[in-house]
Structure formats: structure tokens, C-alpha cells
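Notes for the one structure printed next.
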Amino acid sequence: MKTAHKSLLLAFFALLAFSAAAQDRIDRAINSLEKKDNVQTTYTEHRTQKDHKLYRTSLILTFSNPQYFKTLEEAFEAERRNTVRAVKNNNTFNYRFKDRNGESTYILNAVDGCYTLVKSWNNGKDDWDDEARTTVLVNGTQVFYSNNQNTLESDINQRIADIEQRVEKSTRTIRKKIRSQTAQSSHSSQSQSYAVSF
């Protein structure tokens with residue numbers, strides 16, 4: 001009986017450790033990048049008006065160093081098996097994690113040498129407060145404060161929509177290049193076979 005009890009406890013603590021570390025490698029890479037001088041950081045936090053409890057955060061990193069993207073890409077690949085949803089399309093990753101602390105979404109995007117990471121977290125509960133306090137920090141400096149979460153919500157949604165538009169534009173450009181290269185390659189092989197047949 002004691003052995004079965006110990007086994008259950010060990011399994012429970014292993015599950016807790018796993019869920020706590022589900023996206024740990026991505027978070028470590030993000031924490032490292034936040035300290036870089038050539039990374040622009042925008043952080044928002046939402047707290048309830050009544051007891052100031054944190055219930056939603058978002059973090060946006062923007063940079064142009066391809067090595068930083070590579071570091072994040074490796075972290076994303078390493079954590080994919082821990083996601084509840086993972087989408088990868090060309091140079092865009094969209095991962096979602098869920099554990100006892102809430103839900104986290106990570107979007108990593110590369111378009112024309114500009115790299116963006118968006119991380120959002122919420123506590124997974126429906127107790128969000130419309131009169132919540134919102135604070136925005138850009139590179140460690142507070143640039144915005146509001147008692148109304150809706151004010152910032154549209155700004156964040158617009159920023160995400162801009163990223164999605166850049167991804168779509170980049171995808172169209174890549175497809176055109178592939179079609180062009182395929183057409184050139186096809187034309188080149190036809191010319192060669194024509195020359196050989198003479």
C-alpha cells in the first residue's frame with residue numbers, strides 16, 4: 001500500500017514538474033534576449049482593479065539579428081512536443097501551451113530580415129475585470145497606463161494583425177519566386193533539349 005501511495009505521489013510531482021517546465025526552454029531564450037540592447041521589448045500586464053492580481057500579460061520582442069531568431073527557432077522545435085497546439089508555416093511558429101497556471105501562446109515570425117516574437121499569457125479563468133489596470137513597458141520604461149483593458153486590447157490586436165499581414169505578404173513573395181524559378185528551370189531544360197535534338 002505504501003509503495004502504491006509513493007508511486008502515485010511521484011507520478012503527481014513528475015506531472016507538476018513537466019507542466020511547469022513545458023515551455024521552459026522558450027522562456028529562457030526570451031529572458032536572455034530581453035537583456036540585449038538591440039532588442040526592442042514591449043511588455044503589457046493586466047491586473048484586476050479589486051485585488052491587483054495579474055490575469056493576463058503580453059510580451060513583444062522585435063529584432064533584426066538572425067542568430068537570435070535561430071536561438072528561438074531551436075527552442076520552439078525543442079518544445080513542440082509539449083504544446084496543446086503547434087502550427088509552423090515557413091518562418092512562422094504559433095504554439096499554445098496549457099497548464100495549471102493558465103494558457104500561453106507564442107508566435108515567432110520572420111519577414112524580410114525583421115523578426116518578431118509575441119508571447120501572451122492568461123490565467124485561463126473567466127474572471128477578467130473590465131475595470132482592470134493595464135501597464136505597458138517598452139524597453140523597461142513605462143509608456144502607458146490605463147484602468148480600462150479595452151484601450152490596449154485594440155492596439156495589441158492591431159499589432160498581431162500587422163504581423164499576420166507581413167507573413168501573408170512574405171508567403172506570396174516566396175510563392176512568386178518559386179513559380180518564377182520553376183518556370184525558368186522548365187524553360188532552360190526545354191532550350192537544352194531543343195539544342196541537343198539538332
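Out of the stretch 1-49, which residues are assigned to a loop (DSSP other than H, G, I, E, B), at pLDDT below 90 and hydrophobic (A, V, I, L, M, F, W, C)? Residues satisfying the conditions are MET1, ALA21, ALA22. Applying a threshold of 9 Å to beta carbon distances and a minimum spacing of six or more residues, or different chains, the list of pairs starting in the stretch 45-67 at a residue that is at positive phi and without any contact (Cβ under 8 Å) to a residue 12 or more places away in the chain and ending at one that is part of a strand (DSSP E or B) and surrounded by fewer than 19 Cβ atoms within 10 Å (Cβ to Cβ) is empty.
Can you tell me which residues in the stretch 79-119 are of a type in the set (D, E, K, R), within 19 Å of GLU34 (Cβ to Cβ) and in a strand (DSSP E or B)? Once the filter is applied, which keeps residues that are of a type in the set (D, E, K, R), within 19 Å of GLU34 (Cβ to Cβ) and in a strand (DSSP E or B), the stretch 79-119 yields only LYS119. Could you say whether any residue in the stretch 35-55 is under 13 Å from the mean Cα position of the chain (by Cα), closer than 20 Å to THR105 by Cβ and surrounded by 19 or more Cβ atoms within 10 Å (Cβ to Cβ)? For the stretch 35-55, residues under 13 Å from the mean Cα position of the chain (by Cα), closer than 20 Å to THR105 by Cβ and surrounded by 19 or more Cβ atoms within 10 Å (Cβ to Cβ): absent.
Whenever a residue of the stretch 165-179 is within 18 Å of TYR115 (Cα to Cα) and among the charged types (D, E, K, R), its partners that are modelled with pLDDT of 70 or more and exposed (fewer than 12 other Cβ atoms within 10 Å of the Cβ), lying with C-beta atoms within less than 8 angstrom and at least six residues away or across chains, give the pairs ARG166/ASP112.
The values are calculated or read from the model by the stated rules, or taken from the named source; none is laboratory data. Since this is a predicted model, take the numbers as computed values, not measurements. Neighbour counts are summed over all protein chains in view; Cβ atoms, including those assigned to glycine, are modelled from backbone coordinates with ideal geometry.
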